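J.: Encoded as structure tokens, here's the structure I'll be asking about.
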Amino acid sequence: MSTYRQELKSRFATLGIVIVVVLTALLLRLWMMQVLTSDSFAALAENNRVREISLDAPRGRIYDRNGVELVTNRSALAVSIDPSHEDVRVLLNRSRNDDTADDPTRRELDDIFGEVAAMLEMTPAEVFERVADVKQEALRPRVIALDAPMDVVGQLLERQTDFPWVRVEEIAVREYPNGSIGAHLLGYTGAISENEYASSDVYAGYELGDTVGKTGAERQYESVLQGDKGWRRIEVNASGRPQGTLDEQPARPGNDIRLTIDIEVQRVAEEQLAAAIAEARRQGYTSTKAGAAVVLDVATGEVIAMASAPTYDPSAFLGGISTAEWEALNAKSSEYPLNNRAIMAAYPPASTFKVVTALAGLETGIAAEGTTYVCTGTWTEMGKQWPKRCWKRTGHGTLSLRAGMKHSCDTVFYEIGYELYKRKAEELQAEARAFGLGQKTGIDLPGEVAGRIPDAEWKKEFNRNYPEYQMWLPGDTVNMAIGQGDTLASPLQMAALYAGIANGGTVMRPHVLEAVLDSSGAVVRVVEPEVFAESGASEASLGVIGRSLVDVTRDGTAKGAFSGFGIPVAGKTGTAEVKGKDDYAVFCAYAPADAPRYAVAVLVEQGGHGGSVTGPAARNILAQLLGRPIVTIRTTDVSR
Amino acid sequence: MARSRTHKSTSRRFFDVVHVPLLLWALALVVYGSVMVASATLGMDGGEGMLLRHAVGIGVGLVPLVLAWAYDYTRLRGWQGPLIALGAFLLLSPRIPGLGYTAGGATSWLAVFGVRLFQPSEPAKLIFIVVVAAVISSFKGRIDKPAEVFKVMAYLAAALVLILLQPDLGTGLVFIAITFVMLIVGGMKGRYFAYAVLVAVLATAAVLQFGLLADYQEDRLLVFVEPERDPTGAGYNLAQSKIAIGSGGLAGKGLGAGTQSNLHFIPARHTDFIFSVLGEELGFLGAVLLLGLFLALLVTALAISTSSRDLYGALISAGIIGMWLFQILENIGMTVGMMPITGIPLPFMSFGSSSMVTNLGAVGLLLSVWSRRYGT
């Protein structure tokens, strides 16, 4: 009996040990979790309950020089589709895999999106195309319709259970109080692209799906306009339902910018550019569709107006542009309305370049104001086998340099060009570059081209695969002397050239930004004018040019365009020959001629003559600037 | 039996029948549990109602406690046949048409007219303990014949078959644990334990191999082995429970301030996962307090078992220890990822009247053994 008791004791001891072992095991496990590695669990618990919501900062507004609103913000009701919803995701995955046979069928799209599409007056395919847009962040709702009618929005909200993937939310979008006026200059906005997102410091801290400036000032001043996002930390329960706000950092709105643009001048410039194109068509130049106009303040380089035709409506990009619209804007037949031709395209400056040739002649002593030339209509100085013709086939007879400018006589400038060639010093190129031609002006807008001032070195490099074309020939300089050949300049550069002549030979750097303002309206930065190019041309030479250019509008090639203007204008017509196309009409001017304030350049592609097409447009733009009446000019002037 | 005893005063007589520490530890656990249930149901829809139901469960549990205490446990031996019948009926009852109620994949509730009454497998544990205690005690403290082992195993197997009909894996494991602890005290030879472990391993393999488990049970077991298998499905519960307990740290987030608990990340937070709430809100210190109380309770029960006048009483006490110890191990173990997830409550802590009434009844049985330790 005692051994049994003894045994029982050891069994109880065993049981006691089991109890201690079990509880100790639990204790050790808890020690490990709650004391040793508690931090990582605490982080997971925090991550469970806290969601951070990004608060978008209102984008800065854009004003003109007089404080008129050019771009503002408004809130819009956006109907979007949640691409992460089961029903939608399945379709998206099928449309994205390589197997095109697996793509959602028309019928499937109709089954899902048919009703919603009908309400929004879209087709199911259009709806799906917007949902499938790869330019957007994967999980962000895709806007399919902006500013849908209230009754439709109401129906969608009521039937949320039928369309669980539909979201209706208020989003901030850009508003353009002046419609498409200034579209190229202002630019449009859109969702950040993957390239932008992956690229430089400008977009550091951005999220996919953020709205950014794509072109124009919107892009140039992206970092100014963007502002700083805020965030709100909310507590959510296990179902993701918000329980309350924990903490919040409000967004800081982007700064506003004030441009040098005068919206009224801009409006007139666009109207006059359109009118010039219409006039060219009326004159029989039926291929014409495009052109550009630039107005500069000669003393500061401020861009008062910058127009490009054809134009587009920046509001088409709100909420994301549809593929069809995007393709239409980029089709060859559209003449690329998104391009700002004033800075992105370079053209032969044609006769407007003759001021450079004249200055080179005057500065080198080859020519003087009264130097006389004989124009017979055909110029054969380089040899009978290489005749050059003046645009006036019958010839201008005997005329001075000043008269050559007034009548735009090619022969006069062939002579000067040939003399310059013979000096082998590339002084014509130097003169052009002294006014900033052949290089970017550095205007604060994206996409500017440099144009081209050709020289021997350039030609050799350009034809490096064609040794027989590498030599710089007399004809090259002679062609250049009348702004043809390989010489190219953007409308902005042409305006800057005339602004430089008007400003005593100093070209101020063109710019569109006048000031940056914070959201309370206080000025935080003012743009000071700066010198772009110092030509070094003498006052005497510039005087000759000035007088000649006034002759042009008084009784020269632009006489008709400026008759009755009342204020002396220094201008020059141009008619550029482009191989395989109708002539391009150009006109450059500054005014008032005696106390210059503004320089203007107007160009119409395949528009014919400067005197009758672009001259009247320039006149009316100057009229708006100088308080003169805007009139319709019809001249039959076919001079160059 | 050979102990000396003295009768010097009525107060000493009081302590002869009232085991104050046992009642104290049980009371402390019931209070601790009530506080946690209150914290867990706080902010739930109908939270106050649940707390009231918890209190009612405690009140009802006092009845079996007092009855079992007052009744001389040695006389239970005479009721072996009726107890077996009652136990079988209780385990079978949920399967009787009109009396069963299904929740969480198991038909483990007794219901009348669709109203859930209680989980019959809870009181069945105590009946099983009493019945098996009678069987093992008949072997006089030595189990060295295979026939004796098989006899005990037959009782266990019968109970398991009835339980797996529901099916309720967790409760089945509790019955196995109870049997093993009772066999230790009952004097089973070491080599039989080795055989038993071997059989258990083979049986588990067979069960998994032939798909005898319900899908959800197999899921839970597999998730236990590989928690990242399905973080939002079966593994989600485990992951969230671990986050709750781990994030509690040393001192916890404070009563009622557990984010995992209040924001519904912890499933069944007032019942099976009550320990997750405790771990989150009261931290390691709160968990140490709980384990300390459990240790005190189990050691006290062990002392009572040791002091029993006969093997029968010692086996009943040992069975109760086995029941509690395994439920503590399994329940807390599953919340920290040491054990697979099964639906068994934490004694005295989890919300649920069936469990509370059973555990208080077990306390009554222990008191009965204690108060009759000197025989009559």
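J.: For A:Gly114, indicate whether it is out of contact with any helix residue (DSSP H, G or I) (no Cβ under 9 Å at 6 or more places or on another chain) and either among the basic types (Lys, Arg) or more than 9 Å from chain B (Cβ to nearest Cβ) (or both).
T.: no
J.: I'm checking my understanding of the structure. Among residues of the range B:113-160 that are of a type in the set (Ser, Thr, Tyr) and closer than 26 Å to B:Arg95 by Cα, which one is surrounded by the most Cβ atoms within 10 Å (Cβ to Cβ)?
T.: Restricting to residues being of a type in the set (Ser, Thr, Tyr) and closer than 26 Å to B:Arg95 by Cα, the top hit is B:Ser121.
J.: Separate question: For the range A:169-219, enumerate the residues that are surrounded by 16 or more Cβ atoms within 10 Å (Cβ to Cβ), in a helix (DSSP H, G or I) and out of contact with any strand residue (DSSP E or B) (no Cβ under 8 Å at 6 or more places or on another chain).
T.: Scanning the range A:169-219 gives A:Ala183, A:Tyr197, A:Gly216.
J.: Which one is farthest from B:Gln80 (Cα to Cα), of the residues in the range B:309-329 that are of a type in the set (Gly, Ala, Ser) and within 14 Å of the chain's Cα centre (by Cα)?
T.: Taking the candidates together, the pick is B:Gly322.
J.: How many of the residues making up the range B:241-253 are over 24 Å from the mean Cα position of the chain (by Cα), assigned to a helix (DSSP H, G or I) and of a type outside the set (Gly, Ala, Ser)?
T.: 1
J.: Could you count how many residues in the range A:322-377 are touching a helix residue (DSSP H, G or I) at 6+ places or on another chain (Cβ under 9 Å) and among the basic types (Lys, Arg)?
T.: 2
J.: Moving on to the next point. Which of the residues spanning the range B:335-354 are in contact (Cβ under 8 Å) with a residue 12 or more places away in the chain, within 12 Å of chain A (Cβ to nearest Cβ) and either closer than 20 Å to B:Val181 by Cβ or basic (Lys, Arg) (or both)?
T.: B:Met339, B:Leu346
J.: Among the residues of the range A:78-95, is any away from every other protein chain (no Cβ under 14 Å) and under 30 Å from A:Val516 (Cβ atoms)?
T.: Looking for residues that are away from every other protein chain (no Cβ under 14 Å) and under 30 Å from A:Val516 (Cβ atoms), one finds at least one in the range A:78-95, hence yes.
J.: A further question on this structure: Restricting to strands (runs of 3 or more DSSP E) lying wholly in the range A:444-537: which have 2 or more residues that are under 22 Å from A:Leu549 (Cβ atoms)?
T.: Qualifying strands (runs of 3 or more DSSP E): A:506-508, A:531-534.
J.: Pairs, please: C-beta under 7 Å, at least 6 apart or cross-chain, first residue within 14 Å of chain B (Cβ to nearest Cβ) and within 22 Å of B:Ala257 (Cα to Cα) and in the range A:228-239, second aromatic (Phe, Trp, Tyr) and surrounded by 15 or more Cβ atoms within 10 Å (Cβ to Cβ)?
T.: A:Ala238/B:Phe265
J.: Name the residues in the range A:240-269 that are closer than 21 Å to A:Gln226 by Cα, part of a strand (DSSP E or B) and among the polar types (S, T, N, Q), would you?
T.: Listed by number, the list holds a single entry, A:Gln249.
J.: I would also like to ask the following. Just need a number here: residues in the range B:254-287 that are farther than 17 Å from B:Phe348 by Cβ and outside any loop (DSSP other than H, G, I, E, B).
T.: Summing the residues that are farther than 17 Å from B:Phe348 by Cβ and outside any loop (DSSP other than H, G, I, E, B) in the range B:254-287 gives 9.
J.: Follow-up. Tell me yes or no: at least one residue of the range B:336-354 is more than 25 Å from A:Ala25 (Cα to Cα) and either part of a helix (DSSP H, G or I) or among the hydroxyl-bearing types (Ser, Thr, Tyr) (or both).
T.: yes
J.: Which helices (runs of 4 or more DSSP H) sit wholly inside the range A:303-380 and have at least 1 residues that are more than 19 Å from A:Tyr414 (Cβ to Cβ)?
T.: Hits in the range A:303-380: A:323-330, A:341-344.
J.: Mind counting the residues in the range B:260-279 that are surrounded by fewer than 24 Cβ atoms within 10 Å (Cβ to Cβ) and more than 10 Å from chain A (Cβ to nearest Cβ)?
T.: Counting residues in the range B:260-279 that are surrounded by fewer than 24 Cβ atoms within 10 Å (Cβ to Cβ) and more than 10 Å from chain A (Cβ to nearest Cβ) gives 2.
J.: Select, from A:Thr394, A:Thr411, the only residue that is β-branched (Val, Ile, Thr) and surrounded by fewer than 24 Cβ atoms within 10 Å (Cβ to Cβ).
T.: A:Thr394
J.: Would you please name the residue that is farthest from B:Ser108 (Cα to Cα), looking only at residues in the range B:161-189 that are among the small types (Gly, Ala, Ser) and surrounded by 23 or more Cβ atoms within 10 Å (Cβ to Cβ)?
T.: B:Gly186
J.: Still on this structure, please answer the following. For the subset of the range B:280-301 comprising residues that are buried (at least 20 other Cβ atoms within 10 Å of the Cβ) and at the interface with chain A (Cβ under 7 Å from one of its Cβ atoms), which member is farthest from B:Gly49 (Cα to Cα)?
T.: Of everything passing the filter in the range B:280-301, B:Leu298 is farthest from B:Gly49 (Cα to Cα).
J.: What are the residue pairs meeting all of these: first residue in the range B:270-297, first residue among the hydroxyl-bearing types (Ser, Thr, Tyr), second residue assigned to a helix (DSSP H, G or I), Cβ atoms under 7 Å, and 6 or more apart or on different chains?
T.: Hits for this filter: B:Ser276/B:Ser241; B:Ser276/B:Ala244; B:Ser276/B:Ile245; B:Ser276/B:Thr335.
J.: Can you tell which of A:Leu70, A:Leu36, A:Leu27 is modelled with pLDDT of 90 or more, within 10 Å of chain B (Cβ to nearest Cβ) and surrounded by 15 or more Cβ atoms within 10 Å (Cβ to Cβ)?
T.: Being modelled with pLDDT of 90 or more, within 10 Å of chain B (Cβ to nearest Cβ) and surrounded by 15 or more Cβ atoms within 10 Å (Cβ to Cβ) holds for just one of A:Leu70, A:Leu36, A:Leu27, which is A:Leu27.
J.: Just to be sure, is A:Arg51 within 14 Å of another protein chain (Cβ to nearest Cβ) and free of Cβ contacts under 8 Å to residues at least 40 places away in the same chain?
T.: Criteria not met by A:Arg51.
The values are calculated or read from the model by the stated rules, or taken from the named source; none is laboratory data. Predicted model, so just to flag it, every value in this text is computed and none were measured. Note that each Cβ is placed from the backbone with ideal geometry, even for glycine, and that neighbours are counted across all protein chains shown.
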